[in-house]
Amino acid sequence: MIQLQNVSKIYKNGTVETKALNNISLSIKEGEFVAIMGPSGSGKSTLMHILGCLDTPTEGKYFLDNQDVSRLSSDELADIRKNKIGFVFQSFNLLPRTTVLRNVMLPLIYAGVPREEREERARRALIDAGLEESCFNHLSNQLSGGQMQRVAIARALVNNPSLILADEPTGNLDTKTSERVLETFQKLNIKQRKTIVLVTHERYIAEYANRIVHIIDGSIVEDNQNHQQRFINNSQKESLTL
């Protein structure tokens, strides 16, 4: 699904150049759950922006679903984001005085999907994200942090993207709530075969993925493709694969 070939990203400020990514090559198959892990300033967020078609490489090529998206126009990149990628951010980015359902329906409104269909799709996405149906008509500012992140996940799912990108999705959550959100990602990966790329600086968060890529100073220093994935509890793996 994803192939980066010798990708570098250089930011220029006058005569000063900063190399955020340094000759990165990376392949991610459809259905993988990959954590990109590194300290602050390692380049992991820059890498996420390129994977999400929010930025383009200075050098190298990026193929998404066999399409070279490295040199597409801004409008073409926007179409890729709209149709193929779902984003989950640390800060939720929900409209506070708007119902849960409407928050999830917003991408479908912009896409011109008829009202009845978009409400059905939003409900289905919320159920897939593990939110209780009793919360669907609540305002988003009436929810807990964990519930808001589930709404954000549902919004990322509603257009049925082939790729979900999660940027520090548990950064504002306590440990117990973080585990519930990570369980949701595991279910989406195992039951629906969603391809998920999660960025984090926390080792214990990365261990919920089935592959961990370590990045330091803009370079990949380790790619643990045989990582033994951590599950929420001993019975969790069986229940997820049913």
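The values are calculated or read from the model by the stated rules, or taken from the named source; none is laboratory data. The shown structure was predicted, so the numbers you read here are calculated from the model rather than taken from an experiment. Using ideal geometry, Cβ is built from the backbone for each residue, glycine included, and neighbour counts are taken over all protein chains shown.
Some notes on this structure:
- When S45, S70 are checked against the criterion of being among the polar types (S, T, N, Q), touching a Pro at 6+ places or on another chain (Cβ under 9 Å) and either over 22 Å from V88 (Cα atoms) or in a helix (DSSP H, G or I) (or both), a single residue qualifies: S70.
- Top-ranked residue in segment 74-101 [being at pLDDT 90 or above and assigned to a strand (DSSP E or B); ranked as farthest from L163 (Cα to Cα)]: T99
- Of the criteria (1) more than 19 Å from the chain's Cα centre (by Cα); (2) on the phi > 0 side of the Ramachandran plot; (3) surrounded by 15 or more Cβ atoms within 10 Å (Cβ to Cβ), which one V113 fails: (2)
- Residue among N93, N103, N66, N83 that is of a type in the set (S, T, N, Q), surrounded by 15 or more Cβ atoms within 10 Å (Cβ to Cβ) and out of contact with any His (no Cβ under 6 Å at 6 or more places or on another chain): N103
- Checked against the criterion of being outside any loop (DSSP other than H, G, I, E, B), farther than 30 Å from K12 by Cβ and small (G, A, S), segment 111-118 has no qualifying residue.
- Filter result for L139 (of a type outside the set (D, E, K, R) and crowded, with 18+ Cβ neighbours inside 10 Å): no
- Candidates V199, V158, V100, filtered to the one that is of a type in the set (A, V, I, L, M, F, W, C), in contact with a strand residue (DSSP E or B) (Cβ under 9 Å, 6 or more places away or on another chain), more than 24 Å from M48 (Cα to Cα) and in contact (Cβ under 8 Å) with a residue 40 or more places away in the chain: V100
- In segment 1-23, the qualifying residues are those that are in a strand (DSSP E or B) and β-branched (V, I, T), and the one that is surrounded by the most Cβ atoms within 10 Å (Cβ to Cβ) is V7.
- Among residues of segment 102-119 being among the acidic types (D, E) and more than 17 Å from C135 (Cβ to Cβ), the one that is modelled with the highest pLDDT is E117.
- Output for segment 164-179, where each listed residue is closer than 28 Å to G112 by Cα and surrounded by fewer than 24 Cβ atoms within 10 Å (Cβ to Cβ): I164, D167
- Highlighted here are the helices (runs of 4 or more DSSP H) found entirely within segment 173-242 that include at least 3 residues which are under 16 Å from the mean Cα position of the chain (by Cα) and modelled with pLDDT of 90 or more: 175-192.
- Number of positions in segment 128-155 that are more than 18 Å from the chain's Cα centre (by Cα), outside any loop (DSSP other than H, G, I, E, B) and not hydroxyl-bearing (S, T, Y): 5
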